[in-house]
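Every number in this text was worked out from the coordinates using simple rules, so none of it is lab data. Owing to the predicted nature of the structure, the values given are computational and were not obtained by experimental measurement. Cβ placement follows ideal geometry from the backbone for every residue including glycine, while neighbour counts extend to all protein chains displayed.
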Amino acid sequence: MSARALPDPKSDPLIASLDPASRRTLGRIWAERAESELKAGSGFAIVVTELYEVGAAPEVLALATAAAHDEVRHSMLCRELAEAYLGEAVPAPRAKRVGMPTHPGAPDGLLPHLHVVGLCCINETLAAAFVEACLETTEAASVRAIQRQHLEDEVKHARVGWAHLASDAVDGATRAAVRAFVPRLLKANRAVWRERLGELPEDGVPGHGYPPRARLLEVVDEAIETVVRPGFAHVDC
């Protein structure tokens, strides 16, 4: 589904009928997500170049390259939602190169692998779980359509990391080296997600894609234990 096929948020009756305070809150959230999605695009662009450096499989390169494009599109869609909720124009976030984790103690040759693991196997897997939980509470048609597209894309983005670890481009020694960093990566990503979720309304915004904060915190922990950890075991990491 292309962005043009999505319903226009500015014509969504559920958005129009929402009280002004809630619209301001959601407008702010979506504006912030527009910025974070663009940053994710920058992260993927960096990961793409690093995957080339380590001789990643063509299928993995294709997935990662598409993901970098997807994140830019996500940013634009989030900005559209911000404008619909706020009822006014929202400045586009400024594109910039993001910093990547340095992973103290890791040899330089391992960093590209740790970056794709952290961004895709962990962060994008958690993002898919988050969006799925949000989608369950979404009644506004335009928001639901955008959330569905996000979920489809986040699943593909997570596959970049899992496909890379399972490919012939990663030998056993590299997988073993990655394994040593997995607990640290999980701890760091969990902390970042809990910080982000702590900024959302405690009671959520029923019908508009944000369940109560406690539910989202549960979803992140559940995804780590039921999806991410088993995923690493499956690829022997």
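Given the DSSP H assignment, sum -39500 (n - 2.57) over each helix run of at least 4 residues in the chain and divide by its residue total; what's the result at 222 nm in deg cm²/dmol, nearest 500?
Calculated at 222 nm, the ellipticity per residue is -22000 deg cm²/dmol.
When only Cα pairs under 8 Å and 6 or more residues apart are kept, what is the percent relative contact order across the chain?
Dividing the mean separation by the residue count of the chain yields 24 percent.
So what are the ³J(HN,Hα) numbers for the stretch 101-110, from phi and the Karplus equation (6.51, -1.76, 1.60; θ = phi - 60°), rounded to whole Hz, Gly and Pro as x?
Result, ordered by residue: x, 8, 6, x, x, 8, x, 3, x, 8 Hz.
If I fit a long axis through the Cα atoms of helix 141-166 and take the longest principal axis of the Cα atoms of the chain, what angle between them do I get, 0 to 90°, rounded to 10?
0
Give me the extension gain from residue 188 to residue 203: residue separation times 0.36 nm, minus the current Cα-Cα distance, reported in nm with one decimal.
2.8 nm
State the answer as a single residue: which of 104, 165, 93 lies farthest towards the positive end of the charge dipole of the stretch 89-215, with beta carbon charges of +1 for Lys and Arg and -1 for Asp and Glu, about the Cα centre.
104
Between residue 24 and residue 62, how high is the FRET efficiency from 1/(1 + (r/R0)^6) when r is the Cβ-Cβ distance and R₀ = 45 Å? Nearest 0.05.
The computed FRET efficiency comes out at 0.65.
Along the Cα-to-C-beta direction of residue 222, a point sits 7 Å from the Cα; which residues of the stretch 186-211 have their amide N less than 14 Å from that point?
Taking a point 7 Å out along Cα→Cβ of residue 222, the residues of the stretch 186-211 whose backbone N falls under 14 Å are 211.
So what is the relative contact order of the stretch 37-153, in percent, for Cα pairs below 8 Å that sit 6 or more residues apart?
Across the stretch 37-153, relative contact order equals 30 percent.
Scan around residue 169 for amide H atoms under 5 Å from its own, H built in the peptide plane at 1.01 Å from N, and keep only partners 5 or more places away or cross-chain.
Placed amide hydrogens put 57 under 5 Å from residue 169.
If one takes the longest principal axis of the Cα atoms in the chain, at what angle in degrees, from 0 to 90 and to the nearest 10, does the Cα axis of helix 20-53 lie?
It is inclined by approximately 20 degrees.
Which FRET efficiency value, to the nearest 0.05, is calculated for residue 16 and residue 196 with the Förster distance at 25 angstrom and r the Cβ-Cβ distance?
Between residue 16 and residue 196 the formula returns 0.35.
Note the listed values (1) 33, 18, 15; (2) 28, 22, 18; (3) 25, 21, 20, then indicate which one is semi-axes √(5λ) of the Cα gyration tensor in Å calculated from this particular structure.
For semi-axes √(5λ) of the Cα gyration tensor in Å, the calculated option is (1).
Tell me which residues come under 5 Å, amide H to amide H, from residue 207 once H is placed; ignore anything under 5 positions away on its chain.
Correct list: 139.
Relative to the longest principal Cα axis of the chain, at what angle does helix 125-136 sit, 0 to 90 degrees, rounded to 10?
That works out to roughly 20 degrees.
Modelling each spin label as a point 7 Å along the Cα-to-Cβ direction, I'd like the residue 8/residue 155 distance in nm, to one decimal.
Once both label points are built, they end up 3.1 nm from each other.
Please give the FRET efficiency for residue 229 paired with residue 136, using the beta carbon to beta carbon distance and R0 = 22 Å, rounded to the nearest 0.05.
So, using R0 = 22 Å, E works out to roughly 0.45.
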